[in-house]
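Enquirer: Have a look at this one.
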Amino acid sequence: MKGSPEYAAWLEGLHRKTHISKVQIVRLALQEWSAKNGHSAPPEI
């Protein structure tokens, strides 16, 4: 995923604070976004 150094630092901060992997944070965000916007949930991995 591309973004600014500030965005990368923000995501790194979330990861360090929650101990949730960055990939899992993105997956959770996609799941929540899809539910809030009337789309089906992503498939299980």
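Enquirer: If amide H atoms are built 1.01 Å from N in the plane of the peptide, which residues on other chains or at least 5 residues away come under 5 Å of the amide H of residue 20?
Expert: So residue 20 has HN proximity to no qualifying residue.
Enquirer: How large is the accessible surface per residue of the chain, computed with a 1.4 Å probe and reported in Å² as a whole number?
Expert: Per-residue value: 92 Å².
Enquirer: Where the eigenvalues come from the Cα gyration tensor of the chain, what are the semi-axes √(5λ) of the equivalent ellipsoid, largest first, in whole Å?
Expert: Each semi-axis is √(5λ); the values are 22, 12, 9 Å.
Enquirer: OK, next. Within the chain, which chymotrypsin sites (Phe, Trp or Tyr not before Pro) sit in a loop by DSSP and count at most 10 neighbouring Cβ atoms inside 10 Å?
Expert: For chymotrypsin sites (Phe, Trp or Tyr not before Pro) across the chain that sit outside H, G, I, E and B with at most 10 neighbouring Cβ atoms in 10 Å, the list is empty.
Enquirer: What value, in deg cm²/dmol to 500, does the helix sum -39500 (n - 2.57) over DSSP H runs of n ≥ 4 give at 222 nm once divided by the residues of the chain?
Expert: Dividing the helical sum by the residues of the chain leaves -21000 deg cm²/dmol.
Enquirer: If you roll a 1.4 angstrom probe over the protein chains with everything in place, what fraction of the accessible area of the chain belongs to carbon and sulfur, to the nearest %?
Expert: 61
Enquirer: Tally Lys and Arg at +1 and Asp and Glu at -1 over the other residues with C-beta under 15 Å from the C-beta of residue 39: what net charge comes out?
Expert: Every neighbour counted, the sum reads +1.
The values are calculated or read from the model by the stated rules, or taken from the named source; none is laboratory data. All figures in this text were calculated on a predicted structure; none of them were measured in a lab. No Cβ is skipped: glycine too gets one built from the backbone with ideal geometry, and neighbour counts run over all protein chains shown. Calculation scope for accessible area: heavy atoms of the full protein, side chains included, ligands and nucleic acids excluded. Shrake-Rupley method; radii C 1.70, N 1.55, O 1.52, S 1.80 Å.
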